Structures are given as structure tokens and as C-alpha cells.
Amino acid sequence: MSYLSVSTWSLHRLLGPLRWTVWNEETGEHSTNEQAQPEILSLLELPEEAGRRGYRAVEVCHFHFPSTAPDYLEQLKQSFLSAGVSFDTLLLDYGNLTADDSKRREADLELSCRWIDTAALAGAKQIRIIAGEAGPQDEEALRLSAAALRELAAYAEDKGVRVVSENFKSLTSTGDSCKQLLELTGDAIGFITDFGNFKAPHKYAEFEQILPASVSVHAKADYDEQGLPDEAELRLCLERVRTSGFDGAMVLIYDGPGGMWEGLERVKRIVEPYL
């Protein structure tokens with residue numbers, strides 16, 4: 001049976017500064033750009049608040065971590081355990097496993113390993129790794145990405161973490177490229193289906209190509225200027241999930257105007273009958 005989850009992206013105006021990872025072409029190194037945001041709710045407080053609002057799980061974006069020190073990660077792990085909420089997925093929102101620059105590819109691979117370590121210490125079940133930014137018809141890039149993902153999956157397995165990817169960024173922007181990547185990786189990785197990352201009118205059929213391998217679904221609606229979801233379009237997506245037999249995490253995504261918790265409640269009202 002599927003269950004409610006929420007991504008920290010849906011609460012990004014509440015959780016403090018965003019710490020974006022960037023690649024510096026001149027120095028050949030990663031750095032962090034911090035974007036100021038108010039902290040109305042700390043990451044350590046989030047599991048209890050999410051549980052109180054009816055969520056059974058949370059996905060945490062890497063840029064929401066104020067620290068990756070072991071003592072902080074242990075605190076975060078305990079906050080999830082105390083709240084009875086699952087830390088399902090650490091969403092690594094950076095990385096290009098298909099970069100033309102081999103130095104960057106290697107650096108991004110090493111960075112992914114460090115975030116796998118972080119996921120393990122924080123008690124996350126999974127880590128989402130971006131497959132790559134090459135074109136979806138680039139056969140060599142798909143093979144390169146699959147090899148890197150298999151390597152990362154083996155590294156993560158030893159730490160009790162599963163690697164998953166997503167129909168996110170260019171390489172996995174079509175159902176066919178996602179299906180090919182999944183065939184190349186076998187059962188080494190899982191997947192995430194995001195409603196907003198395929199394009200109509202073919203998106204509904206493309207969902208069928210990746211839902212069988214998906215551990216979670218990002219229930220992302222189209223919103224108007226008032227933050228009201230396009231309910232009819234969202235239900236078309238949800239019906240595809242229902243008929244697929246999916247039974248993982250239904251992760252609510254909201255990035256519209258106004259209160260973020262209130263926006264999530266509008267999506268939750270539509271999604272709950274499909275759980």
C-alpha cells in the first residue's frame with residue numbers, strides 16, 4: 001500500500017539557507033553557494049512536524065543539510081526514529097555522471113560517495129543520484145551513466161543504502177531513455193517517477209515504462225497564480241499510478257505561492273484517495 005511522504009523542497013522557504021553545490025571550471029573543484037532563507041523550522045524538528053501532519057516519510061534535499069558532521073547526522077537519525085517517520089530518501093540534487101570533462105565526472109562520482117556516507121549515517125534508506133545531463137539519445141552516455149550508477153550502488157549496498165535515480169535532467173527526460181538506463185543497470189538501482197519531468201501528451205504512457213521500477217512517486221501538480229493545483233491533470237497522473245499497482249511512497253511536491261504547508265494540504269486532498 002502506498003503512503004504519504006513529503007520532500008523538503010516543498011518546504012524550502014521554511015528550512016533555512018539553501019546550500020547549492022557548484023562546479024568551478026577554473027579550479028576544477030566543488031564549492032558551495034549559500035542562498036539566504038529564513039529558518040522557521042529546523043531540519044531536526046521536521047520529522048516530528050511531518051508526522052503530526054500525517055506524513056509517514058520524508059525526502060531530504062542535500063542542500064538542506066546545515067551540517068554533515070557525524071554528531072549532527074546522528075541527531076537527525078534520532079529525530080526521525082523518535083517521530084516514527086521514515087527518512088526514505090536523501091535527494092542529491094547535484095552531479096553529472098556524463099560530463100565531457102573526465103575530471104569533473106570523477107569528482108562528481110567521489111562527491112556522490114561522500115553523500116552516500118552521509119545518507120548512511122543519517123539513517124536514510126535510499127539516495128537519489130542524477131543519471132546525467134547528456135542528451136537522452138546519447139547511447140554512450142547511457143552506458144557511462146549505467147556503469148557509474150552500478151559502481152555507486154555497490155558502494156552504497158555495503159553501507160545499507162540503496163541508490164535510486166529519477167526521470168530528472170536531460171539523460172532521463174524520456175520514457176525510452178529511462179527504460180534503457182534501467183535495462184543497463186538491471187536490479188542494481190531503483191527509480192523515482194516525477195509527474196512534472198515528462199512532457200504531455202506522451203507523459204502518461206511514459207510513466208508506465210518506469211513505474212514498475214519506482215520506489216517513490218513525486219506527486220507534482222501544475223499550479224496557477226494562486227497556488228491552486230490543476231486537479232484534472234493531477235488525477236490523470238494518479239490514475240496511471242493506481243493502475244500500475246505502485247505501492248511505494250507518494251511524495252507531495254509544492255512550490256507555489258503562499259504558505260507551503262497550506263499548499264501541500266491542497267495537493268494532499270487530491271492524492272489521499274489514491275493511496
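The values are calculated or read from the model by the stated rules, or taken from the named source; none is laboratory data. Note that the coordinates shown come from a computational prediction; the quantities given were computed from them, not determined experimentally. Cβ atoms come from the backbone with ideal geometry, glycine included; neighbour counts cover every protein chain shown. All accessible areas refer to the heavy atoms of the entire protein, side chains included, with ligands and DNA or RNA removed. Shrake-Rupley method; radii C 1.70, N 1.55, O 1.52, S 1.80 Å.
A few notes on this one:
- When segment 69-106 is filtered for residues that are out of contact with any Pro (no Cβ under 6 Å at 6 or more places or on another chain), assigned to a loop (DSSP other than H, G, I, E, B) and not small (Gly, Ala, Ser), the ones remaining, listed by number, are Leu92, Asp93, Tyr94, Asn96, Leu97, Thr98, Asp100, Asp101.
- Residue satisfying all of: in segment 136-185; more than 21 Å from Tyr204 (Cα to Cα), touching a residue at least 24 places away in the same chain (Cβ under 8 Å) and in a loop (DSSP other than H, G, I, E, B); most open to solvent (accessible area, probe 1.4 Å) among these: Lys159
- Screening Gly245, Gly227 for residues that are open to solvent by 10 Å² or more (accessible area, probe 1.4 Å), of a type outside the set (D, E, K, R) and on the phi > 0 side of the Ramachandran plot leaves exactly one candidate, Gly245.
- Only one entry of Met250, Met260 meets the criterion of being out of contact with any strand residue (DSSP E or B) (no Cβ under 7 Å at 6 or more places or on another chain) and surrounded by 19 or more Cβ atoms within 10 Å (Cβ to Cβ), and that entry is Met260.
Matching residues to (1) closer than 30 Å to Glu140 by Cβ; (2) free of Cβ contacts under 8 Å to residues at least 12 places away in the same chain; (3) loosely packed, with under 13 Cβ neighbours inside 10 Å:
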| site | (1), (2), (3) |
| --- | --- |
| Gly16 | no, no, no |
| Pro38 | no, no, yes |
| Glu48 | no, no, no |
| Pro66 | no, no, no |
| Pro70 | no, no, yes |
| Leu73 | no, no, no |
| Ser79 | no, no, no |
| Gly95 | yes, no, no |
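- Only residues that are part of a loop (DSSP other than H, G, I, E, B), of a type outside the set (Asp, Glu) and free of Cβ contacts under 8 Å to residues at least 24 places away in the same chain were counted across segment 18-36, and they come to 2.
- Given (1) over 18 Å from Ala146 (Cα atoms); (2) open to solvent by 10 Å² or more (accessible area, probe 1.4 Å), number of the condition Val217 does not satisfy: (2)
- Gly227 under 22 Å from Ala57 (Cα atoms), among the small types (Gly, Ala, Ser), at pLDDT below 95 and assigned to a loop (DSSP other than H, G, I, E, B): no
- Residue that is farthest from Ala249 (Cα to Cα), among those in segment 149-173 that are of a type in the set (S, T, N, Q) and out of contact with any Lys or Arg (no Cβ under 9 Å at 6 or more places or on another chain): Ser170
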